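First up is the structure itself, then whatever we jot down about it.
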Amino acid sequence: MKTLLADKVVVITGGGGGIGRATALALAEQGARIALCGGHNIEKLKKTVSLVKNAGADVFDLPGDLTDNSFISSCIQQIHQRFNAIDVLINNAGIAINKSFEATSAEELDHIYKINVKAPFILCQQVLPYLRRSKCPAIVNIASVVAHKGYPNQAAYAASKHAILGFSKSLANEVYLEGIRVHTLCPGGVYTEMVKLARPDLSPEGMIMPEEIARTILFLLEQRGNAVIDEINIRRMGKPPYDG
Ligand SMILES: NC(=O)c1ccc[n+]([C@@H]2O[C@H](COP(=O)([O-])OP(=O)(O)OC[C@H]3O[C@@H](n4cnc5c(N)ncnc54)[C@H](OP(=O)(O)O)[C@@H]3O)[C@@H](O)[C@H]2O)c1
């Protein structure tokens, strides 16, 4: 049976491990074509490429630093050349800083914002022209439970995740009537490399597995009706979605 995602082009940032790799694999199993965008650890990216290829999907990787705007533009250009389409963007790449509010430097704050907020923001802007030509256009931004809460020693991380949630809400409203779905996931502790840094106090037992996040993303991409849409301030269908 042909799935909704068969042959669709999915761009995933930070696909070298954790949630990004699990998501790439889950979507590859649905027949999607995958572009893995960004990452410094070439070995880990190549590992994901090999796993995704084994699942039978067309995949390529674009290693590089997402804090560099020209790298982002060159990724979009290369994806255009290879697939001539983008149907889904998954903004997954991110970093955490485990430092007290007072100990966090301005440079650290800038750095975390560049990866966790600015890169996804720019990527969303650059994929929109492609999404407008897609039959199942969607963006999934990976925020965190700290987009709602504030744990000690996570001020910079929490600020960045509140920010990605914030712009995602506006974007979701702006493009809803064009049929483009914008979702934001806010997971708690997921068993990946990052959680060891972000939440050294947590033990692995009871954590979410990356595959569970991947399945949630798949669910969101497959259910395109209104049932999974929340926080979109539509007053009446057909009217501009702004709520004042
Ligand atoms: N794990 C959790 O408990 C948890 C909970 C809630 C939300 N999240 C979010 O989930 C997302 C994925 O995290 P994860 O847990 O799967 O951690 P992860 O395994 O550390 O993955 C993060 C990915 O981001 C990439 N990345 C980091 N900085 C980058 C940069 N400047 N340019 C390009 N790529 C960069 C990393 O690649 P390189 O290392 O190769 O550069 C890596 O592939 C993040 O946005 C994170 O905030 C995680």
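Which pairs do you get when a residue that is closer than 14 Å to ALA143 by Cα, found in segment 188-204, comes within reach of a residue that is modelled with pLDDT under 90 and near the ligand (Cβ under 6 Å from one of its atoms), reach meaning Cβ atoms under 6 angstrom, with the pair 6+ apart or on two chains?
GLY189/VAL195
Looking at segment 205-219, which of its residues are within 15 Å of the ligand (Cβ to nearest atom) and either part of a loop (DSSP other than H, G, I, E, B) or touching a residue at least 60 places away in the same chain (Cβ under 8 Å) (or both)?
GLU205, GLY206, MET207, MET209, PRO210, GLU211, ILE213, ALA214, ARG215, ILE217
Which pairs turn up if I take residues in segment 152-164 that are at positive phi and look for partners that are at pLDDT 95 or above and small (Gly, Ala, Ser) with beta carbon separation below 9 Å, at least 6 apart in sequence or on another chain?
ASN153/SER100; ASN153/ALA103
Just one of THR104, THR67 is of a type in the set (Val, Ile, Thr), more than 10 Å from the ligand (Cβ to nearest atom) and surrounded by fewer than 20 Cβ atoms within 10 Å (Cβ to Cβ); which is it? Outline the logic, then answer.
Details: THR67 fails: more than 10 Å from the ligand (Cβ to nearest atom).
Among THR104, THR67, only THR104 is of a type in the set (Val, Ile, Thr), more than 10 Å from the ligand (Cβ to nearest atom) and surrounded by fewer than 20 Cβ atoms within 10 Å (Cβ to Cβ).
Note down all Cβ pairs under 6 Å where the first residue falls in segment 121-133 and is within 13 Å of SER73 (Cα to Cα), the second is in a loop (DSSP other than H, G, I, E, B), and they're at least six residues apart or on different chains.
If the second residue must be in a loop (DSSP other than H, G, I, E, B), the pairs left are VAL127/ILE86.
With the requirement that a residue be of a type outside the set (A, V, I, L, M, F, W, C) and buried (at least 24 other Cβ atoms within 10 Å of the Cβ), what does segment 11-32 give you? Quick ask: steps written out before the conclusion?
So the first thing to find is which residues in segment 11-32 are of a type outside the set (A, V, I, L, M, F, W, C), and the list is 13-18, 20-21, 23, 29-31.
Once the filter is applied, which keeps residues that are of a type outside the set (A, V, I, L, M, F, W, C) and buried (at least 24 other Cβ atoms within 10 Å of the Cβ), segment 11-32 yields THR13, GLY14, GLY15, GLY16, GLY20, ARG21, THR23.
With the requirement that a residue be surrounded by fewer than 18 Cβ atoms within 10 Å (Cβ to Cβ) and more than 8 Å from the ligand (Cβ to nearest atom), what does segment 179-196 give you?
GLY179, LYS196
Being β-branched (Val, Ile, Thr), out of contact with any strand residue (DSSP E or B) (no Cβ under 7 Å at 6 or more places or on another chain) and more than 10 Å from the ligand (Cβ to nearest atom): is that true of THR3 here?
On the way: β-branched (Val, Ile, Thr): yes; out of contact with any strand residue (DSSP E or B) (no Cβ under 7 Å at 6 or more places or on another chain): yes; more than 10 Å from the ligand (Cβ to nearest atom): yes.
It is true that THR3 is β-branched (Val, Ile, Thr), out of contact with any strand residue (DSSP E or B) (no Cβ under 7 Å at 6 or more places or on another chain) and more than 10 Å from the ligand (Cβ to nearest atom).
So which pairs qualify, if the first residue must be in segment 39-53 and surrounded by 12 or more Cβ atoms within 10 Å (Cβ to Cβ), the second must be in a helix (DSSP H, G or I) and not charged (D, E, K, R), the Cβ gap must be under 6 Å, and the two must be at least 6 apart or on different chains?
Cβ pairs passing all conditions: GLY39/LEU45; THR48/ALA24; LEU51/LEU25; VAL52/ALA24; VAL52/ALA28.
If I go through segment 127-162 residue by residue, how many of them are crowded, with 19+ Cβ neighbours inside 10 Å and assigned to a helix (DSSP H, G or I)?
Adding up the residues that qualify gives 12.
Going by what's in this entry, would VAL127 be described as touching a Gly at 6+ places or on another chain (Cβ under 8 Å) and not charged (D, E, K, R)?
Details: touching a Gly at 6+ places or on another chain (Cβ under 8 Å): no; not charged (D, E, K, R): yes.
Criteria not met by VAL127.
Report, by residue number, each residue of segment 37-46 that is touching a helix residue (DSSP H, G or I) at 6+ places or on another chain (Cβ under 6 Å) and within 21 Å of ARG215 (Cα to Cα).
Residues of segment 37-46 touching a helix residue (DSSP H, G or I) at 6+ places or on another chain (Cβ under 6 Å): 37, 39.
Matches in segment 37-46: CYS37 only.
Do any helices (runs of 4 or more DSSP H) entirely within segment 1-83 hold 1 or more residues that are among the acidic types (Asp, Glu), and if so, which?
In segment 1-83, the matching helices (runs of 4 or more DSSP H) lie at 42-54.
The values are calculated or read from the model by the stated rules, or taken from the named source; none is laboratory data. What you see is a predicted model; the values in this text were computed from it and never measured. In this analysis, Cβ positions are derived from the backbone assuming ideal geometry, glycine residues included, and neighbour counts consider all displayed protein chains.
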